[in-house]
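Encoded as structure tokens, the structure appears first; notes follow it.
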Amino acid sequence: MKRSPIRNNVIRQLRPGEAVPADEPRRYRSGHGYIRLRWLVGPRQYVETYEHRVVDGYVTTAEHVHHKNHVKHDNRPGNLAHLTAADHALAHSDELEPLRDRAVTLYQTGHSTTEVGRILGVNHGTVSRWIGRKGKKARTRARYVSPLDMRTILRRYQSGEGYASLARSAGVSTGRMRSLISQAGIELRGVGRVPESAIRITETDGRRLVVERSGGMCELVCRSAAREWHHRKNRSQGGDWSASNGLHLCSEHHRYITENPDEACDKGWSVRSYADPRNTPVQESRYGWVLLSDDGGIVEVAHDGVS
């Protein structure tokens, strides 16, 4: 069997202090969100490095390069700081301090670690570690868990909603929700699987509701004619055709969202894989920050800028 030509390519990482080729490189985004540069230097021979590590035609010898605004693809010189590994870790630690303080405040007002994590966009385990490092004693489950409406939970699960989504809406961990459903004698489905009888909105109905909501105009700032549907949560991540997961956009803003994923998530135009579009505010042109409902409605909400 003939082997794929890509297997014969040789890709070498440029070393610190090494000059980069003078030719224009190919730019692409890595899986971690950073910009990579690649040059062809011979037959099937390439060299690569990160864009943020290139300074005046050479690969920097600094241990780490820090993005001051945390936008990994913003490699303007003024946004980059060359640090030692220890200083880089300290910089991130200092920047996280306000977030840690807010996590403790939310926890002390009665929110669970899962709820705090959802509000701040971090894992609930991270919240627990932050609380411990602040010297705060964790509550026992009995002190803050409110009774769950298991009849409603089981009905929603049997109608097709996943246990992860149910856990987020109830403010409990995914593991606890799985356990509760199992204890009720219901067989758990695999991730992403729903029974044939599950009631799920069709593409036709979803598109109709979103078009009626937008009035045919782009739902972002320009209010131009809208012709494209945007999934806030990608279908590969479990997103569906519900009106809460869709935005009606002009082609320019649809492309802008694709090219600026961090800003899109900050403004709710896109939703991270672990979040629920129905509970994630979105910045909409007419009313500011709103929640989108599955019936095509809009509810104005207060927003503190934390995503």
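The values are calculated or read from the model by the stated rules, or taken from the named source; none is laboratory data. Quick caveat, the model's predicted, so the values are computed rather than measured. Cβ coordinates were reconstructed from backbone atoms using ideal geometry, including for glycine residues, and neighbour counts include every protein chain displayed.
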Looking for whichever is in contact (Cβ under 8 Å) with a residue 40 or more places away in the chain and under 18 Å from His82 (Cα atoms) here; the options are Tyr50, Tyr58. Which one fits? Tyr58
Go through the residues of segment 27-43 one by one and say whether even a single one is among the hydroxyl-bearing types (Ser, Thr, Tyr), touching a residue at least 24 places away in the same chain (Cβ under 8 Å) and either over 30 Å from Ala138 (Cβ atoms) or crowded, with 16+ Cβ neighbours inside 10 Å (or both). yes
Given (1) among the basic types (Lys, Arg); (2) more than 25 Å from the chain's Cα centre (by Cα); (3) in the same structural domain as Arg29 (by TED's automatic domain parsing), where does Arg155 come up short, assuming only one miss? (3)
For segment 38-65, give me each residue that is in contact with a helix residue (DSSP H, G or I) (Cβ under 9 Å, 6 or more places away or on another chain) and either modelled with pLDDT under 90 or in a loop (DSSP other than H, G, I, E, B) (or both). Arg44, Thr60, Ala62, Glu63
Report, ordered by the first and then the second residue, all pairs with beta carbons closer than 9 Å, sequence separation of six or more or different chains, a first member in segment 206-221 that is in a helix (DSSP H, G or I), and a second member that is of a type in the set (S, T, N, Q) and modelled with pLDDT of 85 or more. Gly206/Ser242; Gly206/Asn245; Leu209/Ser242
Go through segment 52-86 and give me each residue that's surrounded by fewer than 16 Cβ atoms within 10 Å (Cβ to Cβ), within 28 Å of Pro261 (Cα to Cα) and not aliphatic (A, V, I, L, M). Glu63, Lys68, Asn69, His70, Asp74, Arg76, Pro77, Gly78, Asn79
